[in-house]
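A.B. asks: One structure coming up, written as structure tokens, with questions to follow.
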Amino acid sequence: MRKARIERKTNETEIELEINLDGTGQYEIDSKIGFLNHMLELFSKQSLIDLNLKAKGDLEVDEHHTVEDIGICLGQALKKALEEKKGINRYGNALIPMDESLVLCAVDFSGRGYPVIKAEFEREIVGDLPTELVQDFFEAVAFNAGINLYIKVLEGRNTHHKIEAMFKAFGRAVRMALETDERVKGVPSTKGVL
């Protein structure tokens, strides 16, 4: 089974994160940031990745350390669980509507982390999550997983809906990329490695 466990302990955060890439979208998430919990639940449900997360951070200082470090851990877990990436589709994409919002996401598990996030938010905070940290989260995931990640908000008015569609689209794109195809021998690259 493609599973990974990551523990990260710094002076700012303590994080334990477990994933099962061949799960059913079961989750148990406690980041101490309610809106981020909800977004990660959506990611888990749409990607079918089982996700267990316990995070404690210096929220009395700012939410940034916690959000970014969770992104780092999720990226590291994805990379570790994939090992050699044999048989995967490698690429995934999704076009997800959420009421008036529409988000495009494309991923490539290439081994090279490169995020492009194009989203503008009308609100500075949704629930207890500063919206500027959404980009920081996805960048941390992309760099640490070694994936090309493209997310673009195409339409939208409601900031909550835009961010929700971003996490759902990311989940669906990852699900597609990580599915295996028995016709793929080795890794899906002419280089022979990813």
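What follows draws every value from the coordinates through simple rules; no lab data is involved. Here the structure is a predicted model, which means the values were calculated and not measured. So basically every Cβ, Gly included, is an ideal-geometry build from the backbone, and we count neighbours across all protein chains shown.
A.B. asks: Only one residue in 62, 69, 99 is under 17 Å from the mean Cα position of the chain (by Cα) and acidic (Asp, Glu), so which one is that? Steps first, answer last, please.
C.D. replies: Details: 62 fails: under 17 Å from the mean Cα position of the chain (by Cα); 99 fails: under 17 Å from the mean Cα position of the chain (by Cα).
Criteria check complete, one pass: 69.
A.B. asks: Of everything in the stretch 110-122, what is loosely packed, with under 13 Cβ neighbours inside 10 Å and either of a type outside the set (Lys, Arg) or within 18 Å of residue 155 (Cα to Cα) (or both)? Give them in sequence order. Break it down stepwise before answering.
C.D. replies: Within the stretch 110-122, the subset loosely packed, with under 13 Cβ neighbours inside 10 Å is 112, 118, 120, 122.
118, 120, 122 - these are the residues of the stretch 110-122 that are loosely packed, with under 13 Cβ neighbours inside 10 Å and either of a type outside the set (Lys, Arg) or within 18 Å of residue 155 (Cα to Cα) (or both).
A.B. asks: OK, next. Working only within the stretch 102-156, note down all residues that are in contact with a Phe, Trp or Tyr (Cβ under 7 Å, 6 or more places away or on another chain), small (Gly, Ala, Ser) and touching a residue at least 40 places away in the same chain (Cβ under 8 Å).
C.D. replies: Once the filter is applied, which keeps residues that are in contact with a Phe, Trp or Tyr (Cβ under 7 Å, 6 or more places away or on another chain), small (Gly, Ala, Ser) and touching a residue at least 40 places away in the same chain (Cβ under 8 Å), the stretch 102-156 yields 106, 127, 142.
A.B. asks: Sticking with this structure for a sec: Is at least one residue of the stretch 67-89 buried (at least 23 other Cβ atoms within 10 Å of the Cβ) and assigned to a strand (DSSP E or B)?
C.D. replies: There is no residue in the stretch 67-89 that is buried (at least 23 other Cβ atoms within 10 Å of the Cβ) and assigned to a strand (DSSP E or B).
A.B. asks: Can you run down the residue pairs with Cβ atoms below 9 Å, 6 or more apart or on separate chains, where the first is in the stretch 169-183 and farther than 15 Å from residue 152 by Cα and the partner is of a type in the set (Ser, Thr, Tyr) and crowded, with 21+ Cβ neighbours inside 10 Å?
C.D. replies: 174/47; 175/47; 178/47
A.B. asks: Tell me whether the stretch 156-168 contains one or more residues that are assigned to a loop (DSSP other than H, G, I, E, B) and either in contact with a Pro (Cβ under 8 Å, 6 or more places away or on another chain) or surrounded by 21 or more Cβ atoms within 10 Å (Cβ to Cβ) (or both).
C.D. replies: Taking the stretch 156-168 first, the residues assigned to a loop (DSSP other than H, G, I, E, B) are 156-158.
Subset that is either in contact with a Pro (Cβ under 8 Å, 6 or more places away or on another chain) or surrounded by 21 or more Cβ atoms within 10 Å (Cβ to Cβ) (or both): 156.
Scanning the stretch 156-168 turns up at least one residue that is assigned to a loop (DSSP other than H, G, I, E, B) and either in contact with a Pro (Cβ under 8 Å, 6 or more places away or on another chain) or surrounded by 21 or more Cβ atoms within 10 Å (Cβ to Cβ) (or both).
A.B. asks: Continuing with the same structure: Would you tally the residues in the stretch 45-57 being farther than 15 Å from residue 75 by Cβ, in contact (Cβ under 8 Å) with a residue 60 or more places away in the chain and touching a strand residue (DSSP E or B) at 6+ places or on another chain (Cβ under 9 Å)? Please lay out each step first, then the result.
C.D. replies: Here is the first cut: in the stretch 45-57, the residues farther than 15 Å from residue 75 by Cβ are 45-46, 48, 50, 52, 54, 56-57.
Applying the additional criterion that residues be in contact (Cβ under 8 Å) with a residue 60 or more places away in the chain yields 45-46, 48.
With the extra rule that they be touching a strand residue (DSSP E or B) at 6+ places or on another chain (Cβ under 9 Å), the set shrinks to 45-46.
Within the stretch 45-57, residues that are farther than 15 Å from residue 75 by Cβ, in contact (Cβ under 8 Å) with a residue 60 or more places away in the chain and touching a strand residue (DSSP E or B) at 6+ places or on another chain (Cβ under 9 Å) number 2.
A.B. asks: Then there's this: When you scan the stretch 1-55, how many residues do you find that are touching a His at 6+ places or on another chain (Cβ under 8 Å) and among the acidic types (Asp, Glu)?
C.D. replies: Number of matching residues: 1.
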